[in-house]
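Novice: My questions will all concern the structure given below.
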Ligand SMILES: NC(=O)c1ccc[n+]([C@@H]2O[C@H](COP(=O)([O-])OP(=O)(O)OC[C@H]3O[C@@H](n4cnc5c(N)ncnc54)[C@H](OP(=O)(O)O)[C@@H]3O)[C@@H](O)[C@H]2O)c1
């Protein structure tokens, strides 16, 4: 989802060379080395991850291979060649006990295998490539891909599936188009280390779903408000994971717009068209 948005939104001075899973296995050091040797990029924006949060609980080894070893191989290879690296991470590195937005200096303490594997990925990047940028984001929705929350809610309505959405998870929904533009603004800077980039404002999943339906012409479709425990999902999620930033704004990048106006932009944007990666 994010990779396709980065491809579509590349500024004129950037020649994006997207690399899909079918061309590169980030969990293989040899595959990473071959891809970088062949392409000789000026920068790498590492969007690949095993993002199936519940499946990660059942295959810890795969989660760490993709989400922790993958970034390590990329960081080593890019550091060795002096290539700028942007690595993408997640709000799921936090435990969710705070009730004010998590900032970059807050301690991480993930609840799930996915969160732990992403935390290990961050640590590997910092260790292997001190000049890298780690962009943590949250609750992403976009125009490409097939697994985001907005698309899942709209598919459920169109299929006549009864909607049940939790009220006890709060976060910052983030439009990947806004995130992609922020990444392109950060890319040429000297900034390193962890950056939180998310649309501003916060909501719970139930009200996020409500906003999706209201903004899509389904104001009368009901949603059952439930608690997360009722879903009995394998992976625990943070109850609160709103991202704030103590590093933004910087000269090249202001705080992102409110999630409601970003959602409106997504719902009125129409299909992305073009090629998905
Ligand atoms: N989605 C969210 O709510 C969210 C929130 C915070 C942070 N993030 C982070 O944002 C980044 C982008 O996520 P996204 O939402 O764009 O996820 P996505 O749509 O699931 O894309 C992840 C991509 O990684 C690829 N991939 C998986 N394993 C790979 C491997 N071993 N080698 C190469 N490619 C591999 C996947 O290909 P296949 O489909 O072929 O496996 C897929 O194209 C990730 O780092 C994610 O952790 C996501």
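The values are calculated or read from the model by the stated rules, or taken from the named source; none is laboratory data. On a predicted model such as this, the values are computed, not experimentally measured, just so you know. No Cβ is skipped: glycine too gets one built from the backbone with ideal geometry, and neighbour counts run over all protein chains shown.
Novice: With respect to residue 234, determine if the residue is under 26 Å from residue 114 (Cα atoms), at pLDDT 95 or above, out of contact with any strand residue (DSSP E or B) (no Cβ under 6 Å at 6 or more places or on another chain) and surrounded by 15 or more Cβ atoms within 10 Å (Cβ to Cβ).
Specialist: No; evaluated as a whole, the condition is false for this residue.
Novice: Is it the case that region 27-43 has a residue that's buried (at least 19 other Cβ atoms within 10 Å of the Cβ), outside any helix (DSSP H, G or I) and more than 12 Å from the ligand (Cβ to nearest atom)?
Specialist: No, region 27-43 contains no residue that is buried (at least 19 other Cβ atoms within 10 Å of the Cβ), outside any helix (DSSP H, G or I) and more than 12 Å from the ligand (Cβ to nearest atom).
Novice: Looking only at region 106-130, which residues are under 14 Å from residue 46 (Cβ atoms), in contact with a helix residue (DSSP H, G or I) (Cβ under 8 Å, 6 or more places away or on another chain) and away from the ligand (no atom under 14 Å from the Cβ)?
Specialist: 128, 129
Novice: So residue 99 passes all but one of these: (1) touching a residue at least 24 places away in the same chain (Cβ under 8 Å); (2) closer than 21 Å to residue 44 by Cβ; (3) over 18 Å from the mean Cα position of the chain (by Cα). Which condition number does it fail?
Specialist: (2)
Novice: Going through region 144-163 one residue at a time, which ones are more than 11 Å from the ligand (Cβ to nearest atom), out of contact with any strand residue (DSSP E or B) (no Cβ under 9 Å at 6 or more places or on another chain) and either at positive phi or part of a loop (DSSP other than H, G, I, E, B) (or both)?
Specialist: Residues satisfying the conditions are 159, 160, 161.
Novice: Same structure again: Run down 233, 179 and say which single residue is over 30 Å from residue 41 (Cα atoms) and either assigned to a helix (DSSP H, G or I) or within 15 Å of the ligand (Cβ to nearest atom) (or both).
Specialist: Result of the check over 233, 179: 233.
Novice: Counting only residues that are within 11 Å of the ligand (Cβ to nearest atom) and either more than 29 Å from residue 169 (Cα to Cα) or touching a strand residue (DSSP E or B) at 6+ places or on another chain (Cβ under 9 Å) (or both), give me the helices (runs of 4 or more DSSP H) lying completely in region 45-102 with at least 1 of them.
Specialist: Here the list reads 70-80.
Novice: Just give me the residues in region 1-16 being part of a loop (DSSP other than H, G, I, E, B) and surrounded by 17 or more Cβ atoms within 10 Å (Cβ to Cβ), in sequence order.
Specialist: Passing the criteria: 1, 9.
Novice: I would also like to ask the following. Can you find a residue in region 27-44 that is in contact with a strand residue (DSSP E or B) (Cβ under 6 Å, 6 or more places away or on another chain), closer than 18 Å to residue 188 by Cβ and touching a residue at least 40 places away in the same chain (Cβ under 8 Å)?
Specialist: Looking for residues that are in contact with a strand residue (DSSP E or B) (Cβ under 6 Å, 6 or more places away or on another chain), closer than 18 Å to residue 188 by Cβ and touching a residue at least 40 places away in the same chain (Cβ under 8 Å), one finds at least one in region 27-44, hence yes.
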